[in-house]
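The block underneath contains the structure these notes are about, expressed in C-alpha cells.
The values are calculated or read from the model by the stated rules, or taken from the named source; none is laboratory data. Please read these numbers as outputs of a predicted model, since none were measured by experiment. Because the Cβ atoms are built from the backbone with ideal geometry, glycine has one as well, and the counts that use them run over all protein chains shown.
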Amino acid sequence: MGHLKKDFPPDSPRNKHEKEDCMSEDELTPESTSESTKKPRVLVTGATGFLGQRVIRDLAGSYEIHATHHGGLEPSDNVQPVHWGASSASPEALVALSSPEVLIHLMALARTEACSQQPELAHRLNVEVAGRLAHVCCLRGIPMIFTSTDLVFDGTRGMYVEEDIPVPINTYARTKWEAEQLLTQEFADQPHLLTIFRIGLSYGWGG
Ligand SMILES: NC(=O)c1ccc[n+]([C@@H]2O[C@H](COP(=O)([O-])OP(=O)(O)OC[C@H]3O[C@@H](n4cnc5c(N)ncnc54)[C@H](OP(=O)(O)O)[C@@H]3O)[C@@H](O)[C@H]2O)c1
C-alpha cells in the first residue's frame, strides 16, 4: 500500500481541520509498499514497546497492522511501520492517514521515574495525545482501546473494583487517570467504542 489518504473530500471541514496541524502525507505514509491484504486494519501506537511488540505479534496473522514507532521498526508480514513522533506529530493526521478499523493506543511515557522527572512531557504524551486520538476516533466512529494502569489506586488496600475511586500517587498514574477521564468524556455519546484496560505490572521476555 503506497498511499493511505482517501477518506474525506479535500474541502470537507473535518479534513480541513485535520490538515491544519498535520505533517505531510509523505512523513506519515507507511514505509512498506506491500499490497493491501484486505484484512481489517488495526493501528497500534507504541508498537515497539513491551506490550506493543507482543500485540503486533499476536494480531499480525489476522489483521493488517499499522505500527507506529519513533526510533525504527522493520516491516514484517502484515505489519507496516509508520513513523510517528508523538511529542510533535499530529495524532489527527495519524488516524486520518491510517484510517484504521480499530485503534490500540499503547504509546505512553510509561516509566514512573521518567514521568516524575518530566511531568510536562508526561502530560503531553499520556493525556493530550490520548485525548486528541480519542477525539478523532469519536468523529470517525473508530473503536479505541486504551491501556491504563492499576496504579490509579494508591494500594492502601487490595481487591479494587472498577467503581472504586482512583487515588493516583505519582505523576505517571495521575496522567493515566486523567487520560481515562478525558477519553470517557470524549466517548460519552458512544461508550461502546471505548475500552479501557487497567493493567497490572506485565513481565516476560522481550514483549
Ligand atoms: N507494561 C506494563 O506493565 C503496563 C502496565 C499498565 C499499563 N501499561 C500501559 O500500556 C502501554 C504500553 O506499555 P509498555 O510497557 O509497552 O510501555 P513501553 O515499553 O515503555 O512502550 C511505550 C511505547 O511508546 C513509544 N513512545 C514513547 N514516547 C514516544 C514518543 N514521544 N513518540 C512516539 N512513540 C513514543 C515507545 O517507543 P520507543 O520504544 O521507540 O521509545 C514505545 O513504543 C502504556 O500506555 C502503559 O502506560 C503498561
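Here are a few things to note about the model shown:
- For Ser148, the test of being polar (S, T, N, Q), modelled with pLDDT under 95 and closer than 20 Å to Leu109 by Cα is failed.
- Here is the figure for segment 153-207: residues that are within 18 Å of Leu125 (Cβ to Cβ) and more than 20 Å from the chain's Cα centre (by Cα) total 2.
- Matching residues, segment 108-153, being within 21 Å of Thr48 (Cα to Cα), among the hydrophobic types (A, V, I, L, M, F, W, C) and within 11 Å of the ligand (Cβ to nearest atom): Ala108, Leu109, Ala110, Ala114, Cys115, Leu121, Ala122, Leu125, Val129, Ala130, Ile145, Phe146
- Qualifying residue in segment 122-131 (condition: assigned to a helix (DSSP H, G or I), farther than 21 Å from Phe197 by Cα and at pLDDT 95 or above): no
- Cys137 in contact with a strand residue (DSSP E or B) (Cβ under 9 Å, 6 or more places away or on another chain) and in contact (Cβ under 8 Å) with a residue 12 or more places away in the chain: yes
- Residues that are farther than 24 Å from Ser88 by Cα and touching a residue at least 60 places away in the same chain (Cβ under 8 Å) occur at least once in segment 187-194.
- Looking across Thr195, Thr184, one residue alone is surrounded by fewer than 15 Cβ atoms within 10 Å (Cβ to Cβ), at pLDDT 95 or above and closer than 17 Å to Gly131 by Cβ. It is Thr184.
So that you can scan it fast, the table gives a plain yes or no per residue for (1) outside any loop (DSSP other than H, G, I, E, B); (2) without any contact (Cβ under 8 Å) to a residue 40 or more places away in the chain:
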| position | (1), (2) |
| --- | --- |
| Thr147 | yes, no |
| Tyr160 | no, yes |
| Ala173 | yes, no |
| Lys176 | yes, no |
| Glu180 | yes, yes |
| Arg198 | yes, no |
| Ser202 | no, no |
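- Residues that are farther than 18 Å from Arg198 by Cα and crowded, with 17+ Cβ neighbours inside 10 Å within segment 100-114 comprise Pro100, Val102, listed in sequence order.
- Taken over segment 49-88, the criterion of being buried (at least 20 other Cβ atoms within 10 Å of the Cβ), assigned to a loop (DSSP other than H, G, I, E, B) and within 12 Å of the ligand (Cβ to nearest atom) is satisfied by Leu73, Trp84, Ala86.
- Residue, modelled with the lowest pLDDT, within segment 151-167, restricted to residues that are closer than 24 Å to Leu193 by Cβ and hydrophobic (A, V, I, L, M, F, W, C): Val161
- Residue check, Gly46 in contact (Cβ under 8 Å) with a residue 60 or more places away in the chain, within 12 Å of the ligand (Cβ to nearest atom), of a type outside the set (A, V, I, L, M, F, W, C) and touching a helix residue (DSSP H, G or I) at 6+ places or on another chain (Cβ under 9 Å): yes
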